[in-house]
Structures are given as structure tokens and as C-alpha cells.
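Engineer: Quick one: the structure is below, questions incoming.
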Amino acid sequence: MAGSPGRPLPLLTEQNEFFWTSGADGGLRVQECASCAALVHPPQPVCRYCRGHRMGVRTVSGFATLIGFTVNHRFSLPGLPAPYVVAQVALEEDPRVRLTTNAVECDPGQLALGMRMEVVFEQAGDVWLPLFRPTAQQSEPTPLPEDEPAPRVRPMLTREKFEDKVAITGIGSSALGRRLMVPPLSLTLQACERAVSDAGLTLDDIDGLATYPGAGPYGGFAEGGITALESALRIRPTWHQGGGETFGPGGSLISAMLAIAGGLARHVLCFRTLWEASYGERIKRGEIQPNTTGSDPGWLKPFGAISAAHTLAQNAQRHFHRYGTTRETLGWIALNQRANAALHPTAIYRDPMTMDDYLEARPITTPFGLYDCDVPCDGAVAVIVSAVDAARDLARPPVLVEAVGTQIAERLEWDQSTLTHEPQVLGQSAHLWSRTSLRPADVDVAQLYDGFTFNCLSWLEGLGFCGMGEAKDFLDGGKNIARDGVLPLNTHGGQLSHGRTHGMGLVHEAIVQLRGEGGARQVPGARVAVVSSGGLTPSGVILLRTDT
């Protein structure tokens, strides 16, 4: 078939050319380890199973099992107009190898997990895209592959915990809105100055800076990083850190804790700024251009999988398939966030929402609708991490850090990782509980990452607030996660209703609750809070407590 003009195409390299051009003769080719015969995808210079270095290529049958699909309604690309089906298939020769693809030549309504699929290639210039269609003959659906066993949590190396040496001493947030149309650095400065004042410090007391993701081509997801803030305020830190490959969007806090425990700083100002709504508006007006020059769309975008929603929607679908979860299950999370946001004066969405409103909202990518997705906005949040001995002399009682969880237990490539829950949740959760004697029942309030409703469900199960696959019963009716329930959840409205502040807003709310400053949304007697940030990419989770 002729290629569609404008579809994002992979950049051919010596490492991947065999895959992207294999359709020229109709044979699908995958990297193979010559030492143990395992198939390896995406291609690597070493086998992930035996760690051998003799890598070759095998032509496989082209048959696979459908292990996930989502009908995309929201996003369109040049040459790939919505709706289209993003799918994941597991190769019959080795189900550990999964390909993101498009399901073609079929009615999406007839697709079912476990169907047998076959490759059909679409040529686009020098690239042959491996698409998949259902085979003509279908038997009983094949069971979905099981996830690889997660490695054990590594034990603590010493009895001394770095968490005991630090505390949270200040928080601040900027104005929050859909399209504020102000320079993002202005939002950063507003949040940072408020956090410093909240802690009873001055800018001259700050000797560390940390942010996520830092400077780089992040568009509306950053303001310029450490360099921009230091240039504006002339803080001259003894320690600083900024980058995307850390413990999730809240990774700046954990890095700051380590720096303080190691003696590199006393007071670290951590910040996170987004101006995504204004950034999108300025692109629409033609005032700025997105920076995509020379970037490789990788293994997902050639098939229109351009959003985290496309990956998580398939994880959610498999959770539905395996455990009987429903859209209503996710709806209770969205309704809870909206009810909490109604009590927060800065929340983006405060209007009441019913289950019918949730279910009837326009589809984004099945099974996600509009209210399964967080709210793009402009805003900044700042948090100050201090040495615990210095914290006790400051303006407010410190919030102590009980434990953190950071261990990676699953593969990082989105479509090669775990099948049901959100990747990068289980390892971090298990690691957290290995560093404390507290247990899930001790948690008074949970602020769990909710870029999508399913993120939140995965953290609930991963952290042990209900068993794996038991979220349907735990969430049913929404009572357990209400402010007066077993586990008050995302009490400020979360990212689904308050606004997408990429995890730092959740930290801010956890501190507010532990200080007893939540006003109408305050959970009485909150003494222990858990807050998570991220998922899919490496994430982090922090257990906080009061000093009493």
C-alpha cells in the first residue's frame, strides 16, 4: 500500500533499519540473541535476558496476539486522521516481544483481546510500517501473556535513613488558570517567593535549587529550569539539579533530600512550572512553533500513539478484561476529584458532575473520555526541603519525611512493560513500605498521581490500599475515597479537576492537609500522608508525617 503523506516516520539507523525496511520482501524481522535465541525488541546492543553481545536478526512468522487496542478520537496527525486504532500485539514466537501498531482492515467494534492477528505492511518512502489485521480464521481468544515477575525489593543498606535528616518547611503556589498568557518564569518566581516566605526564610538562605524536567525542548512543560531561576534571583546555590530522568515529577524533592542528607545544602528550593495552556494557545495563534526538528518519533508515534493516553488506555482496557473493572470504576475517581475541587477556590473545574456527565463526555481514546484526563493549565508550585535540625527553628512546624520509594521493577519502554496496571508503580510502592514500619492502614490522606483516572487506580492497588484487581469493589460508590471515607483521596481535586501541576500540586496539598490548613476540604486529624508522582516513566512516592 502507498504510504500516507505526513505520517511521522522513524529515522532509519544502522540499529533499526532491518526492522523498518523488512516489509520490502514481506517478512517481519526482529532482533535475536545468537547466544540464547531470545527475541529482543526494541533493538539493543546486548541481550536483556542472557546479557550476551552476539546479536542477529530473525525473520518471524508475522502472526501475533492482540493484547491491547484503543480507538483514538481526540488526536489527528497529517496523513492519519481520527478515528484510528492504536494497538499492541505480542508475537507468537515470543509473547515478551510486543509491537505498537495500528489495527487495520477491520471494524474496531469486532476487535477482542486475544484475537489472532497477521502483519500487513504499508510503505511510506523508505519505511515499511508493520500494521496488523485479524486473521481470516479465528479460534478461541488466546489468554493474555503474564507479566514478568517483578524483582525483589532491595533491602536497606543501613539502619540510618536519609529521610530522618530532612523536613518540608515551606510551600507556595502561583496563580493557576487555563490561559494566563504570562511568562512562565513569572509564575515560577511567584511560587518560589511565596514558599520562601512561608518557611520564614529569605532568598539568601536558599543554598540549593532543584526542578523537573529542567531546561530543554519541553515546550509548555517547563519555564527554563535552574538556569532561568538562578539568573533571575542570583541565588548562587552550592547544589543544584534539574532533569527529566528522575523519580517522577516530584523527583526534585527526593534529590534535594539526598543532597541535604549528604551535607551539600541546608535549604533547597524545589519548583515545577507548567504553562501548557498558554503554550498551546500561542501555537494556535502562530506566535511560536513547536520544537520537533530532527526528533525521532520512535516506536510509537509512527502509529499515532502520540500521547500517554494511548498507552494507559490499553492498560486500563486489560484491567477491565482481567478483573471486571468498568468505566464506572474510573468514574468514581473523577467524581471524587470534582467534589473536592468544588471546595478549592483556585480549582479549574468546580461545577458539580454526575456519573451520567462522566459517561456521556466526548471520547478521547477508548475507554477514556474527557473527564478521565487531567486539565492542561498554567501554574507553578514550589516546595522547600530543609535539614531537619534547621527546620525546627523556622516559622512553621516541619512536616517530616517518613520514607520514599524509587526502585524500578519493570521495563521502561511503555509498550514492553507491564500489561495491566500502570508501569512504574509496583516497584516504587514496595520500596516505600520496605523503608518504614508504617502500613497502608496508617495513612490518613492520599494524594496520588492522576494524569488519568487509571493512574490513580494503579497507585491505589500498587500501594496496597486494596488488592491487585480489587479496585472495582474498593471504588464502587466513591465512599471509601471521599473526604470522610477510609482513604481521603486527592483532596484538592487532583489534576483531573484542580489542574495539571504534574505531581507537585499533590505534594502541596499533602502539606496543607498535614498542617491542618485545608479549610472546608480539611481531613480532620490528618497525621500521615502519601503522595506519588509519575508513572510510565520512573516515578517516586513519598510518605510524610507530622512531628507529633
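The values are calculated or read from the model by the stated rules, or taken from the named source; none is laboratory data. Worth saying up front: this structure is predicted, and the values here are computed from it rather than measured. Cβ coordinates were reconstructed from backbone atoms using ideal geometry, including for glycine residues, and neighbour counts include every protein chain displayed.
Engineer: Which numbered condition in (1) hydrophobic (A, V, I, L, M, F, W, C); (2) in contact with a Phe, Trp or Tyr (Cβ under 7 Å, 6 or more places away or on another chain); (3) touching a residue at least 60 places away in the same chain (Cβ under 8 Å) is the only one that residue 38 fails?
Structural biologist: Answer for residue 38: the failing condition is (3).
Engineer: While we're here: Looking at (1) modelled with pLDDT of 95 or more; (2) closer than 30 Å to residue 297 by Cβ; (3) in contact with a helix residue (DSSP H, G or I) (Cβ under 9 Å, 6 or more places away or on another chain), which is the only condition residue 124 fails?
Structural biologist: (1)
Engineer: Could I ask something else about it? Is it true that some residue in region 3-14 is assigned by TED's automatic domain parsing to the domain that holds residue 114 and surrounded by 19 or more Cβ atoms within 10 Å (Cβ to Cβ)?
Structural biologist: no
Engineer: Can you name the condition, by its number, that residue 230 falls short on among (1) closer than 16 Å to residue 382 by Cα; (2) charged (D, E, K, R); (3) outside any helix (DSSP H, G or I)?
Structural biologist: (3)
Engineer: So which of 254, 260 is touching a His at 6+ places or on another chain (Cβ under 9 Å), of a type in the set (A, V, I, L, M, F, W, C) and in the same structural domain as residue 448 (by TED's automatic domain parsing)? Spell out the reasoning first.
Structural biologist: Numbers: 254 fails: touching a His at 6+ places or on another chain (Cβ under 9 Å).
Going through 254, 260 in turn, the sole match is 260.
Engineer: Looking at region 176-193, can you tell me whether even one residue there is assigned to a strand (DSSP E or B), touching a His at 6+ places or on another chain (Cβ under 9 Å) and buried (at least 18 other Cβ atoms within 10 Å of the Cβ)? Give the derivation first.
Structural biologist: If we filter region 176-193 for residues that are assigned to a strand (DSSP E or B), which is where we start, we get 177.
Filter once more, so that each one left must be touching a His at 6+ places or on another chain (Cβ under 9 Å): none.
There is no residue in region 176-193 that is assigned to a strand (DSSP E or B), touching a His at 6+ places or on another chain (Cβ under 9 Å) and buried (at least 18 other Cβ atoms within 10 Å of the Cβ).
Engineer: Taking residue 265 as the residue in question, decide whether it is assigned by TED's automatic domain parsing to the domain that holds residue 240, at negative phi, under 22 Å from the mean Cα position of the chain (by Cα) and among the aliphatic types (A, V, I, L, M).
Structural biologist: On the way: assigned by TED's automatic domain parsing to the domain that holds residue 240: yes; at negative phi: yes; under 22 Å from the mean Cα position of the chain (by Cα): no; among the aliphatic types (A, V, I, L, M): yes.
So residue 265 fails the test.
Engineer: Let me ask something else about it. Inside region 143-175, can you point out the residues that are among the charged types (D, E, K, R) and either in a strand (DSSP E or B) or at pLDDT 95 or above (or both)?
Structural biologist: From region 143-175, those among the charged types (D, E, K, R) are 146-148, 152, 154, 159-161, 163-165; that's our starting set.
Within region 143-175, 161, 163, 164, 165 qualify.
Engineer: Does residue 33 count as surrounded by 19 or more Cβ atoms within 10 Å (Cβ to Cβ), without any contact (Cβ under 8 Å) to a residue 24 or more places away in the chain and out of contact with any Phe, Trp or Tyr (no Cβ under 8 Å at 6 or more places or on another chain)?
Structural biologist: Details: surrounded by 19 or more Cβ atoms within 10 Å (Cβ to Cβ): yes; without any contact (Cβ under 8 Å) to a residue 24 or more places away in the chain: yes; out of contact with any Phe, Trp or Tyr (no Cβ under 8 Å at 6 or more places or on another chain): no.
So residue 33 does not fit the description; no.
Engineer: Quick one: in region 442-489, which of the residues that are of a type in the set (A, V, I, L, M) and assigned to a helix (DSSP H, G or I) is farthest from residue 310 (Cα to Cα)?
Structural biologist: 475
Engineer: With the structure loaded, tell me whether residue 146 is surrounded by fewer than 19 Cβ atoms within 10 Å (Cβ to Cβ) and at negative phi or whether it fails that test. I'd like the intermediate steps shown before the answer.
Structural biologist: Details: surrounded by fewer than 19 Cβ atoms within 10 Å (Cβ to Cβ): yes; at negative phi: yes.
Yes: the conditions hold for residue 146.
Engineer: In the set 530, 541, which member is in contact with a helix residue (DSSP H, G or I) (Cβ under 7 Å, 6 or more places away or on another chain) and touching a residue at least 24 places away in the same chain (Cβ under 8 Å)? Write out each step before concluding.
Structural biologist: Values: 530 fails: in contact with a helix residue (DSSP H, G or I) (Cβ under 7 Å, 6 or more places away or on another chain).
Matching residue, one of 530, 541: 541.
Engineer: Tell me which of these residue 283 doesn't satisfy, since it passes every other one: (1) assigned to a helix (DSSP H, G or I); (2) surrounded by fewer than 22 Cβ atoms within 10 Å (Cβ to Cβ); (3) in contact (Cβ under 8 Å) with a residue 12 or more places away in the chain; (4) in contact with a helix residue (DSSP H, G or I) (Cβ under 9 Å, 6 or more places away or on another chain).
Structural biologist: Answer for residue 283: the failing condition is (3).
Engineer: List, please: which pairs have Cβ atoms under 7 Å, are six or more places apart or on different chains, and start with a residue in region 118-144 that is within 19 Å of residue 93 (Cβ to Cβ) and end with one that is crowded, with 19+ Cβ neighbours inside 10 Å and at pLDDT below 95?
Structural biologist: 121/23; 130/23; 144/419
Engineer: Continuing with the same structure: So the check is Cβ under 9 Å with 6+ separation or different chains; which pairs have a first residue in region 214-236 that's in contact (Cβ under 8 Å) with a residue 24 or more places away in the chain and within 16 Å of residue 190 (Cβ to Cβ) and a second one that's among the hydroxyl-bearing types (Ser, Thr, Tyr) and loosely packed, with under 15 Cβ neighbours inside 10 Å?
Structural biologist: 224/231
Engineer: Restricting to region 75-105, what's the tally of residues that are in contact (Cβ under 8 Å) with a residue 12 or more places away in the chain, over 28 Å from residue 147 (Cα atoms) and surrounded by fewer than 18 Cβ atoms within 10 Å (Cβ to Cβ)? Working first, answer last.
Structural biologist: Of all residues in region 75-105, those in contact (Cβ under 8 Å) with a residue 12 or more places away in the chain come to 75, 77-80, 83-105.
Next, only the ones that are over 28 Å from residue 147 (Cα atoms) stay: 75, 77-80, 83, 105.
With surrounded by fewer than 18 Cβ atoms within 10 Å (Cβ to Cβ) added as a condition, the list becomes 78-79, 83, 105.
Number of matching residues: 4.
Engineer: Which condition number in (1) touching a Gly at 6+ places or on another chain (Cβ under 9 Å); (2) surrounded by fewer than 20 Cβ atoms within 10 Å (Cβ to Cβ) is the one that residue 547 fails?
Structural biologist: Exception for residue 547: condition (1).
Engineer: Can we say residue 341 is more than 20 Å from the chain's Cα centre (by Cα) and buried (at least 17 other Cβ atoms within 10 Å of the Cβ)?
Structural biologist: Details: more than 20 Å from the chain's Cα centre (by Cα): yes; buried (at least 17 other Cβ atoms within 10 Å of the Cβ): yes.
Taking the combined requirement at face value, the residue satisfies it.
Engineer: List the strands (runs of 3 or more DSSP E) that sit entirely inside region 36-97 and contain at least 1 residues that are more than 25 Å from residue 297 (Cβ to Cβ) and in contact with a Cys (Cβ under 9 Å, 6 or more places away or on another chain).
Structural biologist: Numbers: elements: 55-60, 63-72, 84-91.
Per the criteria, 55-60.
Engineer: Scan region 477-489 and tell me whether some residue there is aliphatic (A, V, I, L, M), modelled with pLDDT under 95 and assigned by TED's automatic domain parsing to the domain that holds residue 273.
Structural biologist: Narrowing region 477-489 to residues aliphatic (A, V, I, L, M): 481-482, 486-487, 489.
If we keep only those that are modelled with pLDDT under 95 too, we end up with none.
No; the residues of region 477-489 include none that is aliphatic (A, V, I, L, M), modelled with pLDDT under 95 and assigned by TED's automatic domain parsing to the domain that holds residue 273.
Engineer: Same structure, new question: Considering only residues that are under 18 Å from residue 475 (Cβ atoms) and more than 11 Å from the chain's Cα centre (by Cα), look in region 417-440 and name the one that is surrounded by the fewest Cβ atoms within 10 Å (Cβ to Cβ).
Structural biologist: Going residue by residue through region 417-440, those that are under 18 Å from residue 475 (Cβ atoms) are 420-422, 425, 429, 440.
Remaining after also requiring more than 11 Å from the chain's Cα centre (by Cα): 420-421, 429, 440.
Values: 420: 21, 421: 27, 429: 26, 440: 15.
Among residues in region 417-440 that are under 18 Å from residue 475 (Cβ atoms) and more than 11 Å from the chain's Cα centre (by Cα), the one surrounded by the fewest Cβ atoms within 10 Å (Cβ to Cβ) is 440.
Engineer: Which one is modelled with the lowest pLDDT among residues in region 380-397 that are under 19 Å from residue 513 (Cβ atoms) and buried (at least 24 other Cβ atoms within 10 Å of the Cβ)?
Structural biologist: Step one: list which residues in region 380-397 are under 19 Å from residue 513 (Cβ atoms), which gives 381-385, 391, 395-397.
Remaining after also requiring buried (at least 24 other Cβ atoms within 10 Å of the Cβ): 381-385, 391.
Details: 381: 97, 382: 97, 383: 98, 384: 98, 385: 98, 391: 93.
The selected residue is 391.
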